Amino acid sequence: MLRVKRQVMVASKMYVSMAIQEMDVQSLLENCHAGNDIHSSRRLLFWMACNGLECLPLYADYLIRSFASSSNLAKACQVFLKVSTATVYTWNAIISAHAQHSHHEQVLVLFSEMGKTGMKGDRITFLCILKVCSAYGTLVEGKLIHMMAVEMGFDIDVMIGSTLVHMYGKCATLHEACKVFHTLPIPNVVSWGALITGYACHGDCMQALQFFEEMQRQGLEPEKSTFLSALKACANVGATTEGQLIHDQVIRTGLHADIAVSSALMDMYGKCRRRLELHKLFRDLPNHDAVSWASFMSSFAQHEDTLSVFDLLQEMEKDGIIPDQACVDMAGVQGRIIHDLIIKANIESYMAVANSLVDMYAKGGCLQEAENMFSKVKRPNLISCSAMISGYVREGCAFLACDLFERMENEGIRPDKVTFLAALRACGSLGAIGKGRQIHSTLTEDGMDRDFNEGMMLVNYKLSGRRDKYGRSQGRLGLRLEDKYMRSL
């Protein structure tokens, strides 16, 4: 890291031929990106600007990735906007940067703008975009992008095909997932896993288990994610025998100590009412933390076995573990049962527990219960206020969100990025431009505005559209996304 910084300082004093500069600059950019060195990247960007090099696409690609990996998305956007003629690699860099920071709508807007310039995406572009559609379940946009992939011949690529299967499965469009799966020349473990997950979560769980068996007959070994989906399918239909066989496989592969796999096993045994195996599994876990306790208790809570859950809560407290979000964030009846038992255990006043309950009810749309719990918190902190404000915004109570935000500031509680974003959305819903500008000003003063600048940059894009078949597909996508993005602001 120090070597890279010294090289950058030397570079700032270089007065040699352009050929030598290009060779050295590319090497320095690679080192900055590999070392995740944001300070050297900034110094190098300043030197490049002075020498007129920052607008070259080759260098911009490295800089965008370097700033994105250093959590400085706004700087990455600034570099992108200065590029003279963006190549497909430049577009991939900025699209991947937004995907890396979970800004899925901006990713799709960028892809639309890329099409308007006449630039067609490559395999990497489509993989990134489809993964975003899969992660957020955006089916309509995903279908449009699928159509573009077919037009460009990417649909037979096994990785793109597997991502399409996963996207359709995530969106519960299983007939489309099957159709894509059967067009793949040689499905791999990722393709099979995507299909199994779709059926386990949204379709026929017995069919998911049949796919699980068929995959292994084809000579493919399941991955962790495939085991999780198969165990979920067993839990949903009470397939105890199949679940025990999968448990044996998990032990042979050494995944039984993994917290996600052990939680799935406990869920499976709990739903199948196999208490002996459930207790043994929990006792054999190397660590008993809040997450493992939550998985263990939920197995009893889902059958409304309140006495057992109450006993477990007391045992948990004796071990010095305070219930956190994992213990109370259980949908519907389970969450309310846990809350009732928390009251009986006299631990509702614990700040971590109270905040988790507020968050649970707010996320579940139970604003009355969330408000009741929030009123019981003696000294609300950032977590409880943020949970309540986000809940108000989700349920369309923008005025209440803005009111609580102001009270929060008046009481000296400093908002974080999540709270600011929720407050900005509330201002957008109310058309409160003055308050929105005030919040933006505060963000700028606190140095947090860089995380919101990319959205503003996207709204100001003014690139011309194209009329070819490929461009029309992206044009429809762009109209949908621009409308959605403006509403989100």
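The values are calculated or read from the model by the stated rules, or taken from the named source; none is laboratory data. This one's a predicted model, so the numbers in the text were calculated from it and none came from an experiment. Because the Cβ atoms are built from the backbone with ideal geometry, glycine has one as well, and the counts that use them run over all protein chains shown.
Considering the range 396-412, the residues that are under 28 Å from S71 (Cβ atoms) and surrounded by fewer than 19 Cβ atoms within 10 Å (Cβ to Cβ) include one that is nearest to the chain's Cα centre (by Cα), namely E409. Residues of the range 208-259 that are within 16 Å of R274 (Cβ to Cβ) and polar (S, T, N, Q): N236, T240, T241, Q244.
Within the range 429-449, being of a type in the set (D, E) and either surrounded by fewer than 16 Cβ atoms within 10 Å (Cβ to Cβ) or not in a loop (DSSP other than H, G, I, E, B) (or both) holds for E445, D446.
Residue-by-condition table, conditions (1) surrounded by fewer than 19 Cβ atoms within 10 Å (Cβ to Cβ); (2) farther than 30 Å from Q210 by Cβ; (3) in contact (Cβ under 8 Å) with a residue 60 or more places away in the chain:
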position: L130; (1), (2), (3): no, no, no
position: E141; (1), (2), (3): no, yes, yes
position: V150; (1), (2), (3): yes, no, no
position: D157; (1), (2), (3): yes, no, no
position: A177; (1), (2), (3): no, no, no
position: F181; (1), (2), (3): no, no, no
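Residues of the range 67-122 that are of a type in the set (F, W, Y) and within 22 Å of V140 (Cα to Cα): F111 alone.
Of the helices (runs of 4 or more DSSP H) lying entirely inside the range 279-378, those carrying at least 1 residues that are farther than 27 Å from N236 by Cβ, modelled with pLDDT of 80 or more and over 31 Å from the mean Cα position of the chain (by Cα) are 367-376. Is it the case, given these coordinates, that E113 is touching a residue at least 24 places away in the same chain (Cβ under 8 Å), of a type in the set (D, E, K, R), buried (at least 19 other Cβ atoms within 10 Å of the Cβ) and within 16 Å of F80 (Cα to Cα)? Here the answer is yes, as E113 does meet what is asked. Candidates in the range 125-162 are the residues that are among the small types (G, A, S) and over 19 Å from T183 (Cβ atoms); of these, the one that is modelled with the lowest pLDDT is G137. Within the range 60-70, the set of residues being more than 20 Å from T117 (Cα to Cα), of a type in the set (G, A, S) and either crowded, with 22+ Cβ neighbours inside 10 Å or touching a Lys or Arg at 6+ places or on another chain (Cβ under 9 Å) (or both) comprises S66, A68. For the range 213-234, the count of residues that are under 22 Å from L139 (Cβ atoms) and either surrounded by fewer than 18 Cβ atoms within 10 Å (Cβ to Cβ) or of a type in the set (D, E) (or both) is nonzero.
Of all residues being in a helix (DSSP H, G or I) and touching a residue at least 60 places away in the same chain (Cβ under 8 Å) in the range 77-110, which is surrounded by the fewest Cβ atoms within 10 Å (Cβ to Cβ)? Just the residue, please. Result: L81. Restricting attention to the range 379-428, the residues that are at pLDDT 85 or above and assigned to a loop (DSSP other than H, G, I, E, B) total 9.
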